[in-house]
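Input: a single structure, listed below in C-alpha cells.
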Amino acid sequence: MKQGIHPEAYRFVVFKDMSNNTSFLGKSTANTKETIQWEDGNEYPVIKLEISNTSHPFYTGKNMLVDTAGRIDKFNKRYAKAK
C-alpha cells in the first residue's frame, strides 16, 4: 500500500440492508447524519445499503426481487430539471 493516501479516521458504523432489514456492525469512513441504537446499547451512525451479502443472489443462491423502479424514480426525482 502507498503511504499517506488512505484514510485514518475509521469508526464503527451499522450497515443496514434496506431490502431485508438485516444489519451488521463494521468500520467505515463514510459520513452520515442518521444514527441507530445497536444490540450492545450504544448508538452508531447508520449507512443504508440497497443490497448486501444477505440479499444478493450470488450469496443467497436464489433470485430476489430488487426494487429497481424505486431506484429509477429516486434518480429521476434527484436529477429532474427545475421548471
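Please list, ordered by first then second residue, the pairs with beta carbon atoms under 6 Å, 6 or more apart or interchain, first in the range 17-36 and under 9 Å from Ser52 (Cβ atoms) and at pLDDT 90 or above, second surrounded by 14 or more Cβ atoms within 10 Å (Cβ to Cβ) and of a type outside the set (A, V, I, L, M).
Listed pairs, sorted by first residue: Phe24/Phe15.
Which of the residues spanning the range 1-25 are within 23 Å of Arg71 (Cα to Cα) and β-branched (Val, Ile, Thr)?
Hits for the range 1-25 are Val14, Thr22.
The values are calculated or read from the model by the stated rules, or taken from the named source; none is laboratory data. The structure presented is a predicted model; accordingly, all values stated were derived computationally and were not measured. Virtual Cβ from ideal backbone geometry, glycine too; neighbours counted across all protein chains shown.
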